[in-house]
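The values are calculated or read from the model by the stated rules, or taken from the named source; none is laboratory data. Since we're looking at a predicted model, the values are computed, not measured. Heads up, the Cβs are rebuilt from the backbone with ideal geometry, glycines too, and the neighbour counts pull from every protein chain shown. With ligands, DNA and RNA removed, areas are computed over all heavy atoms of the protein, side chains included. Shrake-Rupley method; radii C 1.70, N 1.55, O 1.52, S 1.80 Å.
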Amino acid sequence: MDQFTTLKQSLRKLPADFYIRKATAVAKDLLGKIIVHQAGKVFYSGMITEVEAYRQNDEASHSYRGISKRNRVMFQEGGVIYVYLIYGMYDCMNVVTGCEGTGEAVLIRSIEPVTGIKQMAANRGLKNLSMDSALRGLTDGPGKVCQAMKVNRKHNGLNLMGEKIFIAESGLFSGRMKIGRSERIGIRKGTHLEWRYFIRDNQFVSKHK
DNA sequence: GACGGGATTTGCT
DNA sequence: GCAAATCCCGTCC
């Protein structure tokens with residue numbers, strides 16, 4: 001059995017109720033989990049290394065001013081993904097959390113690639129690079145994660161209980177982690193909240209601070 | 001390494 | 001109008 005098959009068989013999809021909790025709680029628990037996107041023949045997967053929580057009574061959150069055309073998915077029951085366009089150029093992927101009617105989500109800020117790495121590099125526009133240099137900076141930012149894993153606004157609202165995009169636990173990635181915490185990145189409002197969580201000493205984390 | 005500007009579209013005031 | 005949950009590339013140490 002090859003490594004790829006071993007990985008696939010070790011994946012245990014997170015249950016629906018994992019997501020029906022506060023975004024801050026879900027955020028911490030997403031660290032170390034494996035996010036998967038099956039796109040045709042490509043099996044994209046990576047370990048989540050950095051996240052940020054956004055809640056409804058939170059000035060930095062898209063849901064702060066109530067439901068709109070863009071943010072409506074944030075108000076669904078937890079367990080779907082919310083993908084939006086940022087700065088007119090990049091997509092950002094979030095995991096919606098909480099009960100139906102509450103606008104909460106967790107932004108996936110970075111992952112450590114596991115499978116589909118060559119495709120990720122190609123999707124990011126990196127060509128003819130050795131594996132080592134291709135890996136550097138490949139998925140250490142929310143826009144980069146979406147670009148690499150080929151996730152975009154067409155996936156907005158997709159349910160994580162399906163087979164297309166899902167999040168799983170894996171016995172192969174169950175080691176002890178040191179978790180770091182800080183203010184969220186790239187926002188002007190709500191900066192007093194320390195709702196960014198990341199795996200310490202992991203190179204696939206945003207380079208800020 | 002640090003800093004600064006440009007790309008580019010959407011949503012809301 | 002303008003700010004935005006970003007990234008990349010150039011310049012200048």
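Can you pull out the residues in region A:59-114 that are open to solvent by less than 20 Å² (accessible area, probe 1.4 Å) and polar (S, T, N, Q)?
Correct list: A:Ser61, A:Ser63, A:Asn71, A:Asn94, A:Thr97, A:Ser110.
Name every residue in region A:70-120 that is away from DNA strand B (no atom under 16 Å from the Cβ), of a type in the set (A, V, I, L, M), in contact (Cβ under 8 Å) with a residue 24 or more places away in the chain and part of a helix (DSSP H, G or I), in order of residue number.
Of everything in region A:70-120, just one residue is away from DNA strand B (no atom under 16 Å from the Cβ), of a type in the set (A, V, I, L, M), in contact (Cβ under 8 Å) with a residue 24 or more places away in the chain and part of a helix (DSSP H, G or I), namely A:Met120.
Just one of (1) closer than 20 Å to A:Leu7 by Cβ; (2) open to solvent by less than 20 Å² (accessible area, probe 1.4 Å) trips up A:Gly162, so point out which.
(2)
Quick grid of which residues meet (1) aliphatic (A, V, I, L, M); (2) at pLDDT below 95:
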{"position": "A:Met131", "(1), (2)": "yes, yes"}
{"position": "A:Ala134", "(1), (2)": "yes, yes"}
{"position": "A:Lys144", "(1), (2)": "no, no"}
{"position": "A:His155", "(1), (2)": "no, no"}
{"position": "A:Ile165", "(1), (2)": "yes, no"}
{"position": "A:Arg188", "(1), (2)": "no, yes"}
{"position": "A:His208", "(1), (2)": "no, yes"}
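A:Tyr54 fails exactly one of the following numbered conditions: (1) surrounded by 21 or more Cβ atoms within 10 Å (Cβ to Cβ); (2) under 12 Å from the mean Cα position of the chain (by Cα). What is the number of that condition?
(2)
Given (1) surrounded by fewer than 16 Cβ atoms within 10 Å (Cβ to Cβ); (2) in a loop (DSSP other than H, G, I, E, B), identify the lone condition not met by A:Phe4.
A:Phe4 satisfies all of (1) surrounded by fewer than 16 Cβ atoms within 10 Å (Cβ to Cβ); (2) in a loop (DSSP other than H, G, I, E, B) except (2).
Could you say which residue among A:Ser10, A:Ser61 is in contact (Cβ under 8 Å) with a residue 60 or more places away in the chain and more than 16 Å from DNA strand B (Cβ to nearest atom)?
It is A:Ser10.
Do any strands (runs of 3 or more DSSP E) entirely within region A:135-209 hold 1 or more residues that are more than 17 Å from A:Val51 (Cα to Cα), more than 16 Å from DNA strand C (Cβ to nearest atom) and over 14 Å from the mean Cα position of the chain (by Cα), and if so, which?
Ranges flagged: A:165-170.
Take the residues in region A:23-51 that are over 18 Å from A:Glu112 (Cα atoms) and out of contact with any Ser or Thr (no Cβ under 7 Å at 6 or more places or on another chain), then tell me which one is surrounded by the most Cβ atoms within 10 Å (Cβ to Cβ). It would help to see each step written out before you state the result.
Pass one, region A:23-51, residues over 18 Å from A:Glu112 (Cα atoms): A:23-26, A:39-41.
Imposing the further condition that a residue be out of contact with any Ser or Thr (no Cβ under 7 Å at 6 or more places or on another chain) reduces the set to A:24-25, A:39-41.
Working: A:Thr24: 19, A:Ala25: 14, A:Ala39: 15, A:Gly40: 7, A:Lys41: 7.
Restricting to residues being over 18 Å from A:Glu112 (Cα atoms) and out of contact with any Ser or Thr (no Cβ under 7 Å at 6 or more places or on another chain), the top hit is A:Thr24.
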